[in-house]
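Everything below concerns the one structure shown next.
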Amino acid sequence: MTQNLADTSRPAAAPTAANAGESRGWWRDAVIYQVYPRSFADSNGDGMGDLPGIRSRLPYLRDLGVDAVWLSPFYASPQADAGYDVADYRAVDPMFGTLLDADALIRDAHALGLRIIVDLVPNHSSDQHEWFQRALREGPASPLRDRYHFRPGKGENGELPPNDWESIFGGPAWTRTENPDGTPGDWYLHLFAPEQPDFNWENPAVADEFRSILRFWLDMGVDGFRIDVAHGLVKAEGLPDIGAGDQLKLLGNDVMPFFDQDGVHEIYRSWRRILDEYPGERIGVAEAWTPTVQRTANYVRSDELHQAFNFQYLSTYWDSAALREVIDLSLDSMRPVDAPTTWVLSNHDVTRHATRFGNPPGNTQIRTPGDRELGLRRARAATLLMLALPGSAYLYQGEELGLPDVTDLPDEVRQDPSFFRKAGQDGFRDGCRVPIPWSGTEAPYGFGPTAGGPSWLPQPAEWAALSVEAQTGDPTSTLELYRSALAVRRAQPALGGGTEVTWLDSPEGTLAFRRDSATGEEGGSFVCTVNTTAEAVTVTAPGRVLLCSTGNTEVTGDQAVLQADSTTWWAV
C-alpha cells in the first residue's frame, strides 16, 4: 500500500526566508495556518480538496503573512473519521493526490518561505491497517494482537466489555471481534470510532514503527508534526475501570486512565532526539487535552516537544476577567519550561469563534447561529488580542474571512462520525469544515474549478459575499484586517515572541497591556487595549493607533473612545 518516491532520503533545506530566525527558534513567534485538506481547494472538480489544490493556493498564504502551514491528515485512509483513521502512514490517499504531489507542495512552500507541518496520528490506526487486519485474520494467537489492546471480555461467556471505558464518540470504547472460525472473540479498545483501534505503546514494535514514520516524512522535508491525541498514547497499567458513566464530562477535569498518563513523556523524549538530528529546526506540536495548563507544560519541557495547543485559552469566553486570568495562567505555566505559549481560537473540531462569540457562554460546540453581527465583531477583536500576545498563534482556514459555522446542515449530508453515535460528542463538527469560498457568485465559489460543481459539504449562498475575491481590497473586510494585523505583527519589534505582558490599569470590562521590544529598540513599545463590553469606553490614549478591529478608534486630544467589543493596537 505504501507508495514509492525517488530521492526521499534527501536532506531538506529549511525555508530560506526563515533561516535568519533559527537561532531563537522560529516556532517561538510563528503564526501557523491550519489547512483542512478536504475543504481548502479542489483541483480536479470532484468536490474534495486535495494537495494540488493546496499547492496552488500557497501564494495566498504567503501574502496573508503566515509563517507555516499545518496540514490535517492526507494519508491513505478509509475516511471513517475524515482521515484520522490511517491505513498507511507512508502513503497519500488517492482522493488527495500522490506522494509526488506532497513532495511538490513541500518544495513550493519552502521556495515561498513557508514551513510545512503535517498531522501525525499515533494513538490509533484505521481498522484497515495491515497490522490490525492480520491480527483479525490470524486469530487470538497472532503476535500482532499485542500491538493493539485486545482483551477477553467479562461475564460468563465474555459477552461484556473488558472495562467500563467509554468512547469519545459515544458508546463503549470496546468492540467484540469474531474469531476466524466464526465464534465470538476478544474485544479491542478504541477510544474513538470502532474503525480506529488504539495502538498498544507498550509493544516495542509500535515505537519502532513510529520512529521510522517520523524519519520518512522528515526526509521528505516536512518541518514538523502536529501530534493528534498526544495525551492518549499510554494507558494506565491494567486498564482499570473508571467507575462512572458519562465520562466525556470528566475530560478536562481529571487525569483519566486512558489520557495524560506520565508514560507518554518518554515517547516524546525519543521523538525529540530524532527531530534534533535534522537541520532547519524541525518541531513537534502536542494536541494534548489536559486538566490544567501546568500539565500541558509537561509536554514542552526542553527535551520533549516544542509547542502544545492552549485549549484552556480556546475555551475561554469573551470576558475581560476570564481572559486576563487564562493569559496569566498560560504565560506563568510555560515560563518555567522555557516554551512559547500558543494561542488558538478555532480549529477543525470546534465551532468557529465567529459563531461561538455570537452565542451565550457555553461549550466549544454550538448548535445555533446566534447573533452573527455580534459574533463577527467579537471574533475580529479576539483575533487582534490573540495576535498581540507573546508566543505563537494558530489560525484555522477561513477565519480570516470571518466565516461563521454552518449550523443548519441537513442531517443527510453530515459526515462527522460522532453525529451518528449516542452519548458522545455533539457531532456537529461538520459545521466548521464546510469548504471555504475563494471567488465567484455561485457555489462552490472557486473551491473547485467549475462553477456549479460539487463540494463534499454544501456551502451557504451568503458565502459569496465572504469569498477571498469579494473581500480583497475592501479595507473594512475581515480578510484585510488579518493581512494588516499580520504585517504589523512582523514589523513591530515588541510583537511576536517573548513571555511577558505588563498589565495597565483600565476600566472594568476592558484590558490593557504593554509589550516592550526585547532588544530595547527605540520606539519599540506597544500597547493593546480591549473592550469586551457592549458599550463604548473612554480611556487615556496610550499612543498612536496602529490598527483597530472595528476600523477606527476615535482619539480627541489625549482621550480615546474604545468601541464596544473592540481591540486597538497602539505604538508607544
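Of the candidates Arg544, Arg489, Arg514, the single residue that is basic (Lys, Arg), more than 16 Å from Arg377 (Cα to Cα), in contact with a strand residue (DSSP E or B) (Cβ under 6 Å, 6 or more places away or on another chain) and surrounded by 17 or more Cβ atoms within 10 Å (Cβ to Cβ) is Arg514.
Yes or no: the range 78-88 includes at least one residue that is of a type outside the set (Phe, Trp, Tyr), assigned to a strand (DSSP E or B) and open to solvent by 10 Å² or more (accessible area, probe 1.4 Å). The answer is yes, given that some residue of the range 78-88 is of a type outside the set (Phe, Trp, Tyr), assigned to a strand (DSSP E or B) and open to solvent by 10 Å² or more (accessible area, probe 1.4 Å). Considering (1) surrounded by fewer than 17 Cβ atoms within 10 Å (Cβ to Cβ); (2) among the hydroxyl-bearing types (Ser, Thr, Tyr); (3) not in a loop (DSSP other than H, G, I, E, B), say which one Tyr482 fails and leave the rest. Of the numbered conditions (1) surrounded by fewer than 17 Cβ atoms within 10 Å (Cβ to Cβ); (2) among the hydroxyl-bearing types (Ser, Thr, Tyr); (3) not in a loop (DSSP other than H, G, I, E, B), the odd one out for Tyr482 is (1).
For the range 252-275, what are the residues that are open to solvent by 50 Å² or more (accessible area, probe 1.4 Å) and assigned to a loop (DSSP other than H, G, I, E, B)? Across the range 252-275, the qualifying residues are Asn253, Asp254, Val255, Asp262.
Across the range 425-433, not a single residue is classified as without any contact (Cβ under 8 Å) to a residue 24 or more places away in the chain, under 26 Å from Ile32 (Cβ atoms) and among the charged types (D, E, K, R). For Thr290, the stated conditions do not hold, so it cannot be described as buried (at least 19 other Cβ atoms within 10 Å of the Cβ), at pLDDT 95 or above, among the β-branched types (Val, Ile, Thr) and closer than 26 Å to Gln34 by Cα.
Taking the conditions (1) in a loop (DSSP other than H, G, I, E, B); (2) out of contact with any strand residue (DSSP E or B) (no Cβ under 7 Å at 6 or more places or on another chain); (3) within 30 Å of Ala68 (Cβ to Cβ); (4) not acidic (Asp, Glu) in turn, Pro122 satisfies each one other than (2). Quick check on the range 118-128. Is at least one of its residues open to solvent by 10 Å² or more (accessible area, probe 1.4 Å) and within 27 Å of Val229 (Cα to Cα)? Yes, some residue in the range 118-128 is open to solvent by 10 Å² or more (accessible area, probe 1.4 Å) and within 27 Å of Val229 (Cα to Cα).
Contact map, the range 125-141: first residue closer than 17 Å to Phe192 by Cβ, second residue crowded, with 17+ Cβ neighbours inside 10 Å and small (Gly, Ala, Ser), Cβ cut-off under 6 Å, separation 6 or more or different chains; pairs are Ser126/Ser77; Ser126/Ala87; Gln128/Ala87; His129/Ala87.
Scanning the range 357-384 for residues that are open to solvent by 10 Å² or more (accessible area, probe 1.4 Å) and hydroxyl-bearing (Ser, Thr, Tyr) yields Thr364, Thr368. For the range 386-402, the candidate set comprises residues that are in contact with a Leu (Cβ under 6 Å, 6 or more places away or on another chain) and farther than 12 Å from Thr342 by Cβ; within that set, the residue that is surrounded by the most Cβ atoms within 10 Å (Cβ to Cβ) is Glu400.
Among the residues of the range 40-76, the ones that are aromatic (Phe, Trp, Tyr), in a loop (DSSP other than H, G, I, E, B) and either under 20 Å from Tyr89 (Cα atoms) or open to solvent by 10 Å² or more (accessible area, probe 1.4 Å) (or both) come to 1 in all. Residues in the range 513-548 that are farther than 19 Å from Ala494 by Cα and part of a loop (DSSP other than H, G, I, E, B): how many? Here the count works out to 5.
Based on this model, can you work out whether Asp228 counts as under 30 Å from Ala111 (Cβ atoms) and in contact (Cβ under 8 Å) with a residue 40 or more places away in the chain? Criteria met by Asp228.
Summed over the range 276-293, the residues that are part of a helix (DSSP H, G or I) and touching a Pro at 6+ places or on another chain (Cβ under 9 Å) give a count of 0.
Residues that are hydroxyl-bearing (Ser, Thr, Tyr) number at least 3 in the following helices (runs of 4 or more DSSP H) confined to the range 310-416: 320-334. Among residues of the range 89-105 being open to solvent by 10 Å² or more (accessible area, probe 1.4 Å) and closer than 17 Å to Asp219 by Cα, the one that is farthest from the chain's Cα centre (by Cα) is Leu100. Given the conditions (1) closer than 28 Å to Arg24 by Cα; (2) assigned to a loop (DSSP other than H, G, I, E, B), which single one is not true for Glu508? Going through the list (1) closer than 28 Å to Arg24 by Cα; (2) assigned to a loop (DSSP other than H, G, I, E, B), Glu508 breaks only (1). Looking across the range 360-399, just one residue is modelled with pLDDT under 95, among the hydroxyl-bearing types (Ser, Thr, Tyr) and either within 15 Å of Ile32 (Cα to Cα) or under 17 Å from the mean Cα position of the chain (by Cα) (or both), and that is Thr364. Criterion first (over 26 Å from the mean Cα position of the chain (by Cα), open to solvent by 60 Å² or more (accessible area, probe 1.4 Å) and not β-branched (Val, Ile, Thr)) does Glu500 satisfy it? Considered against the rule, which asks whether it is over 26 Å from the mean Cα position of the chain (by Cα), open to solvent by 60 Å² or more (accessible area, probe 1.4 Å) and not β-branched (Val, Ile, Thr), Glu500 comes out as no. Scan the range 454-464 and give yes if some residue there is open to solvent by less than 40 Å² (accessible area, probe 1.4 Å), modelled with pLDDT of 95 or more and in a helix (DSSP H, G or I), otherwise no. Yes, the conditions are met somewhere in the range 454-464. All conditions but one from (1) more than 19 Å from the chain's Cα centre (by Cα); (2) open to solvent by less than 10 Å² (accessible area, probe 1.4 Å); (3) modelled with pLDDT under 95 apply to Asp411; the one that does not is (2). Residues satisfying the criterion are present in the range 557-569 (criterion: part of a loop (DSSP other than H, G, I, E, B), under 19 Å from Ala379 (Cα atoms) and hydrophobic (A, V, I, L, M, F, W, C)). Restricting attention to the range 318-359, the residues being more than 15 Å from the chain's Cα centre (by Cα) and farther than 19 Å from Arg429 by Cα number 23. Name the single residue that is farthest from Val35 (Cα to Cα) among those in the range 105-117 being of a type in the set (Gly, Ala, Ser) and in contact with a helix residue (DSSP H, G or I) (Cβ under 6 Å, 6 or more places away or on another chain). Across the range 105-117, the extreme among qualifying residues is Gly113. Scanning the range 465-479 for residues that are surrounded by 15 or more Cβ atoms within 10 Å (Cβ to Cβ) and either in contact with a strand residue (DSSP E or B) (Cβ under 8 Å, 6 or more places away or on another chain) or in a loop (DSSP other than H, G, I, E, B) (or both) turns up Ser467, Ser477. Take the conditions in contact with a His (Cβ under 8 Å, 6 or more places away or on another chain), at pLDDT 95 or above and crowded, with 21+ Cβ neighbours inside 10 Å and apply them to Ala354. Does it pass? Criteria not met by Ala354.
The values are calculated or read from the model by the stated rules, or taken from the named source; none is laboratory data. The structure displayed is predicted, hence computed values, not measured ones. For neighbour counting, all protein chains shown are included, and Cβ atoms are generated from backbone atoms with ideal geometry for every residue, glycine included. These accessible areas exclude ligands, DNA and RNA; they are computed on the full protein's heavy atoms, side chains included. Shrake-Rupley method; radii C 1.70, N 1.55, O 1.52, S 1.80 Å.
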